[in-house]
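Novice: Please see the structure below; I have some questions.
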């Protein structure tokens with residue numbers, strides 16, 4: 001088992017910042033949505049951010065070392081989780097920060113693979129260790145995070161049953177789906193899948209599986225593919241699924257899809273805020289760090 005969790009929080013949050021008219025958000029919530037990184041929006045009953053709940057589940061799953069990848073203007077994270085660049089104690093978690101710098105000539109960060117590459121360059125010890133990676137704006141369960149810690153597979157990802165996702169069907173239809181072999185090893189990831197080919201992507205249980213960016217990586221195996229990740233031709237970003245697919249071309253049967261069937265709360269756009277608040281009110285009536 002490993003103790004390292006890297007949380008991706010350096011993105012531009014462009015979908016969250018889109019102007020939209022909603023009558024179920026306060027002016028303060030709208031202001032936070034427009035100004036803060038998504039994981040720092042105060043959705044908890046006490047106004048604490050979503051990231052608190054992810055960190056709580058990470059602690060329950062046994063992670064000890066947390067690296068949060070923030071943007072160059074990410075000082076607000078330090079107000080919540082520790083003022084030092086490294087080794088802040090937050091409820092028993094050791095929290096450090098990596099910065100995702102924006103390359104010259106770009107106005108937005110260069111994607112999830114670039115974020116992780118910059119993090120392992122700043123913390124090179126990770127390249128000889130195992131570590132998990134996840135988004136800051138999704139709330140993964142304690143069980144899913146623990147499954148990433150305990151897997152013996154060199155690389156892995158949580159392979160979610162698409163039918164268990166409690167999102168509108170139109171939104172779910174846009175999720176990339178994973179193709180697995182009979183042993184749940186990753187073969188392919190298909191973006192924007194057409195309805196007429198979905199049957200051929202079902203797994204051994206007859207389920208369509210999606211990734212929500214919850215990964216376990218072997219640092220030594222992954223590093224060259226992170227370093228040499230090509231730019232996605234449409235989105236013009238370097239993305240972790242590209243890294244994984246390039247890795248399995250040369251190292252087949254090294255990326256296990258760990259099957260899970262549960263909803264993953266997601267804070268992508270302003271429309272999600274009220275829903276996530278309601279979920280937290282029911283599932284986490286209080287933040288108990290001492291359980």
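Novice: Would you check which residues across segment 88-105 are farther than 24 Å from residue 223 by Cα and surrounded by fewer than 13 Cβ atoms within 10 Å (Cβ to Cβ) and list them?
Specialist: Listed by number, the residues that qualify are 89, 92, 105.
Novice: Follow-up question, since we're still on this one. Against the definition (without any contact (Cβ under 8 Å) to a residue 24 or more places away in the chain and under 22 Å from residue 97 (Cβ atoms)), how does residue 35 come out, yes or no?
Specialist: Spelling it out, residue 35 is indeed without any contact (Cβ under 8 Å) to a residue 24 or more places away in the chain and under 22 Å from residue 97 (Cβ atoms).
Novice: Would you confirm whether or not segment 148-157 contains a residue that is over 17 Å from the mean Cα position of the chain (by Cα), modelled with pLDDT under 95 and closer than 26 Å to residue 245 by Cβ?
Specialist: No; the residues of segment 148-157 include none that is over 17 Å from the mean Cα position of the chain (by Cα), modelled with pLDDT under 95 and closer than 26 Å to residue 245 by Cβ.
Novice: Where in segment 34-135 are there strands (runs of 3 or more DSSP E), lying wholly inside it, with at least 3 residues that are more than 19 Å from the chain's Cα centre (by Cα) and farther than 30 Å from residue 21 by Cβ?
Specialist: Filter on segment 34-135 gives 88-90.
Novice: Within segment 106-137, which residues are surrounded by 15 or more Cβ atoms within 10 Å (Cβ to Cβ) and out of contact with any helix residue (DSSP H, G or I) (no Cβ under 7 Å at 6 or more places or on another chain)?
Specialist: 110, 111, 114, 115, 118, 119, 122, 123, 134, 135
Novice: Within segment 36-73, how many residues turn out to be closer than 22 Å to residue 126 by Cα and either in contact with a strand residue (DSSP E or B) (Cβ under 9 Å, 6 or more places away or on another chain) or crowded, with 24+ Cβ neighbours inside 10 Å (or both)?
Specialist: 15
One line per residue, one yes/no per condition, for (1) under 27 Å from residue 147 (Cα atoms); (2) touching a residue at least 12 places away in the same chain (Cβ under 8 Å); (3) out of contact with any strand residue (DSSP E or B) (no Cβ under 7 Å at 6 or more places or on another chain):
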residue: 201; (1), (2), (3): yes, yes, no
residue: 217; (1), (2), (3): yes, yes, no
residue: 233; (1), (2), (3): no, no, yes
residue: 243; (1), (2), (3): yes, yes, yes
residue: 257; (1), (2), (3): yes, yes, no
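Novice: Taking residue 140, is it in a loop (DSSP other than H, G, I, E, B) and either surrounded by 17 or more Cβ atoms within 10 Å (Cβ to Cβ) or at pLDDT 95 or above (or both)?
Specialist: yes
Novice: Within segment 14-32, can you find the residues that are free of Cβ contacts under 8 Å to residues at least 60 places away in the same chain and part of a loop (DSSP other than H, G, I, E, B)?
Specialist: 17, 19, 21, 23, 26
Novice: What number of residues in segment 54-83 are farther than 23 Å from residue 286 by Cα and without any contact (Cβ under 8 Å) to a residue 12 or more places away in the chain?
Specialist: So the answer is 3.
Novice: Would you please list the contacts, defined by Cβ atoms under 8 Å and residues six or more apart or on different chains, that run from a residue in segment 109-128 that is at pLDDT below 95 to a residue that is crowded, with 22+ Cβ neighbours inside 10 Å and in a helix (DSSP H, G or I)?
Specialist: Note: pairs meeting the criteria are 109/115.
The values are calculated or read from the model by the stated rules, or taken from the named source; none is laboratory data. Just so it is clear, the model here is predicted, and its values are computed rather than measured. Glycine gets a Cβ as well: all are built from the backbone with ideal geometry, and neighbour counts include every protein chain shown.
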